[in-house]
Amino acid sequence: MTFAIQYLREHLPAICLELLFACIFGITFYLYHLPLGAVLYPAGICFLFGSVFALISIYHIYKKHKKLTGLKALQGNVLQEALPESTTIESEDYQQIIRALCEERQMLEEQFSGSYAEMLDYFTIWVHQIKTPIASMRLNLEAEDSKLSQRLKSDLLHIEQYVEMVLTYLKMGAESTDYVFRTIHLDKIVRENIRKLRGDFIMKKLQLTYIPSKETIVSDEKWLSFVIEQLLSNALKYTKKGSVTIFFEEPKTLCISDTGIGIAPEDIPRIFEKGYTGSNGRRDKRASGLGLYLCKEICNRLGAKISIISQVETGTTVKVNLSRDPLNSYKTVRNQREM
């Protein structure tokens, strides 16, 4: 219906002009006292043929409209090759404009891709370079066993986490990432991250309760480890006293629960948005709002589902459901980005 109304609106001047011609002939015949039938009869025949021509024209234009509507999702050379043949000077001009815009877009994408690849290479090298002095400082601190050395070790760990966060954030925008899906033991990854953060647990005098699991899942070990480390770091960061509990639920769901300050109800719906820090982040000026955002993005690629249950001044529980097939989810995310 909308197409028909649009067609009539576009051809309204021509229809009005034809009616005006018929009126001029009718008035002229009337003034010269000629029979009006001599006007009405040919006008009726012209209207009949005009209607047939209009229906054929509407049919062809509608087919072209449907084809052009289906081309909206196409880009670049594919779009240019799929454009219908030009039948008017105006349509040819529009197609030339479209081709010029497609070429310009492709050129800009190539330039951006090259610049992005260079930037990613630079930061990758920088991350590996910065790890050398960090490792050296940690070795020097191993010889000491004091509160200051423990504090410095904790700070060094946080520096490493922030460095990895920067690199992970850059890699999230890359067209391809180094995902390696294989069968892994979930207990192994959790224990490694607990050992990594044990210094913070000791310094803050927090109780850690861990209920091991013999679950095996198909996932990428490195990226999943990043998510678990971020979630444990958040639990440590926002828990001043009490405990952090790690346990498992069916089906294949990792749960990390703490007795920290909790999250305000109005913040929970937006907690995974990029750059959103919430009321807790506004109190902590160092919060970037990237940690949970990256966790959410990585979980999407790994086929995992992350959710949060929290109550202010009571604690927070983060659940990561790992029961879905990661390969299908990863392909879906890539297809969405390519569209």
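The values are calculated or read from the model by the stated rules, or taken from the named source; none is laboratory data. A quick note: this is a predicted structure, and the numbers were derived from the prediction, not measured. When we count neighbours, we look across all protein chains shown, and the Cβ atoms used for this are built from the backbone with ideal geometry, even at glycine. Please note that ligands, DNA and RNA were not included when accessible areas were found on the heavy atoms of the full protein model with its side chains. Shrake-Rupley method; radii C 1.70, N 1.55, O 1.52, S 1.80 Å.
Remarks
- Relative intensity, log₁₀ I(q)/I(0), of the chain from a Debye sum that treats every alpha carbon as a point, q = 0.14 Å⁻¹: -1.18
- Efficiency of FRET from Cβ geometry, VAL52 and SER91, R₀ 22 Å, rounded to 0.05: 0.40
- In the context of the full protein assembly, TRP223 retains an accessible surface of approximately 10 Å², using a probe radius of 1.4 Å and ignoring ligands and nucleic acids.
- Considering helices alone, the calculated mean residue ellipticity of the chain at 222 nm is -21500 deg cm²/dmol, with DSSP H runs of length four and up weighted by -39500 (n - 2.57) and normalised per residue.
- Heavy-atom accessible area order for LEU302, LEU327, largest first, 1.4 Å probe: LEU327, LEU302
- Between 0 and 90°, nearest 10: helix 37-70 axis offset from the chain longest Cα axis: 20 degrees
- Contour minus Cα-Cα distance for MET172 and LEU139 (0.36 nm per residue): 8.7 nm
- Angle in degrees between helix 186-196 and the longest Cα principal axis of the chain, rounded to the nearest 10: 60 degrees
- Accessible area (Å², per residue) of the chain, counting only protein heavy atoms and a probe of 1.4 Å: 65 Å²
- A 1.4 Å probe, protein heavy atoms only, puts the accessible area of ARG198 near 140 Å².
- The accessible surface of the stretch 168-269, taken with every protein chain in place and a 1.4 Å probe, is 56 percent carbon and sulfur.
- For the stretch 147-228, convex hull of alpha carbons as volume per residue, Å³: 89 Å³
- Exposed GluC sites (Glu not before Pro) absent - longest run of the chain, DSSP non-H/G/I/E/B, at most 16 other C-beta within 10 Å: 176-265
- Semi-axes of the equivalent ellipsoid of the stretch 88-210 are 49, 18, 12 Å, computed as sqrt(5λ) over the eigenvalues of the C-alpha gyration tensor in descending order.
- Taking Cα atoms only, the orientation of helix 12-31 departs from the longest principal axis of the chain by about 10 degrees.
- Within a straight-line Cα-Cα reach of under 19 Å, LYS147 can be paired with the following lysines, leaving aside sequence neighbours fewer than 8 residues apart in one chain: LYS196, LYS204, LYS205, LYS237, LYS240, LYS241.
- Note: the stretch 172-319, Cα convex hull, 113 Å³ per residue.
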